[in-house]
Amino acid sequence: MKQIEPGIYRDIDNNTYHSSVGISKSGLDLIAKCPALYKNRYIDGNRPEPTKPMIIGSATHTAVFEPELFTKEYAVAPQVNRRTKEGKAAYAAFLEESEGKTVLTAEDNEQISAIAGAVRNHPLAAAILEEGEAETSIYHLEEFSGELVKVRPDWMHQDLIVDLKTTDKAGPEDFSRSCFNFRYYVQAGLYLDMANAAFRKDLGHDRFNNFLFIVVEKSEPYQVAVYFADPEMIDMGRAEYQQNLDLYARLKRENQWPGYNNDKIVPIALPYWAANRIGNQPEIYN
């Protein structure tokens with residue numbers, strides 16, 4: 001993995017960032033879930049192939065934040081009958097011309113264009129994205145753990161760090177649940193702290209005060225909502241990432257990467273909601 005010194009980098013591409021030394025929010029997610037999974041992916045190098053939703057998500061980010069790079073990184077497959085000789089030849093020629101690019105279907109491209117258009121046409125989102133910096137890579141040697149942490153904000157606008165999330169439901173109740181389930185609150189605390197620490201060295205003071213989510217639904221009519229992480233969310237995220245970092249630093253020193261439950265036998269109970277369902281037989285059966 002490539003070693004990059006602590007600092008702010010505006011010229012590092014996405015692949016270089018992800019293959020460089022340093023723990024990211026995604027890495028901390030695995031540390032919190034199961035350290036053995038972190039070891040398998042980041043130390044042993046068994047990284048899974050990107051899924052279709054991941055590819056569409058990455059392409060959507062490029063279409064929104066770096067549209068000038070879209071045709072350099074992605075190619076849309078021609079709609080040909082690949083069971084015919086002519087179709088096979090046309091598709092083979094397309095693949096040769098598109099070497100090094102991620103291939104999208106025409107349907108994928110339509111969805112990506114629609115999502116990006118919805119974001120760009122939303123008054124609040126458009127105003128935020130009118131001016132700023134996309135995909136800046138930040139590396140910071142975190143003081144308490146001594147670990148190199150890396151973050152890559154989607155967008156930085158004045159005193160805002162902005163992150164784009166695609167989702168099935170963008171309403172406040174549903175997205176609040178997503179913030180917990182996918183640990184977006186950890187991302188908010190981590191990104192604000194690491195970015196401020198890095199910019200403090202250049203500016204002499206913190207730059208960022210808020211973490212914004214631009215949330216867009218993945219299906220028609222592609223509704224968009226904009227939220228800011230409230231102070232309690234940021235504080236909870238900060239406490240969580242610091243705990244995760246401390247654990248990571250200790251596991252790294254000891255070179256011990258346990259599985260679920262620290263490889264111990266632990267009690268297991270039914271989910272909290274199960275009590276409301278068990279014994280409540282539908283009246284139709286009574």
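General remarks:
- Leading residue by the ranking (farthest from the chain's Cα centre (by Cα)) among those in the stretch 157-214 that are hydrophobic (A, V, I, L, M, F, W, C) and in a loop (DSSP other than H, G, I, E, B): 208
- On inspection, residue 142 qualifies as touching a residue at least 60 places away in the same chain (Cβ under 8 Å) and either touching a Cys at 6+ places or on another chain (Cβ under 6 Å) or not polar (S, T, N, Q) (or both).
- Under the condition of being of a type in the set (S, T, N, Q) and either part of a helix (DSSP H, G or I) or surrounded by fewer than 16 Cβ atoms within 10 Å (Cβ to Cβ) (or both), the residues counted in the stretch 22-37 number 1.
- Cβ-Cβ under 6 Å pairs, at least 6 apart or on other chains, the stretch 186-207 side touching a residue at least 60 places away in the same chain (Cβ under 8 Å) and of a type outside the set (A, V, I, L, M, F, W, C), far side crowded, with 17+ Cβ neighbours inside 10 Å and assigned to a helix (DSSP H, G or I): 187/25
- Positions within the stretch 120-177 being of a type in the set (S, T, N, Q) and either farther than 18 Å from residue 28 by Cβ or in contact with a Phe, Trp or Tyr (Cβ under 6 Å, 6 or more places away or on another chain) (or both), in sequence order: 121, 136, 137, 158, 166, 167, 176
- Candidate set: the stretch 165-193, residues that are farther than 17 Å from residue 236 by Cβ and of a type outside the set (S, T, N, Q); chosen: the one surrounded by the fewest Cβ atoms within 10 Å (Cβ to Cβ): 173
- Among the residues of the stretch 256-268, none qualifies, meaning not one is in a loop (DSSP other than H, G, I, E, B) and either in contact with a Phe, Trp or Tyr (Cβ under 6 Å, 6 or more places away or on another chain) or closer than 20 Å to residue 158 by Cβ (or both).
- Restricting attention to the stretch 54-100, the residues being touching a residue at least 24 places away in the same chain (Cβ under 8 Å) and of a type in the set (Lys, Arg) number 1.
- Filtered residues of the stretch 2-21 (kept if part of a helix (DSSP H, G or I) and touching a residue at least 12 places away in the same chain (Cβ under 8 Å)): 14, 16, 17
- Of all residues in the stretch 99-143, those that are part of a helix (DSSP H, G or I) and in contact with a His (Cβ under 7 Å, 6 or more places away or on another chain) total 1.
Every number here is computed from the coordinates shown, using simple stated rules; none is lab data. Because the structure is a prediction, the values reported are computed rather than measured. With ideal geometry, Cβ positions are generated from the backbone for all residues, glycine too; neighbour counts draw on all protein chains shown.
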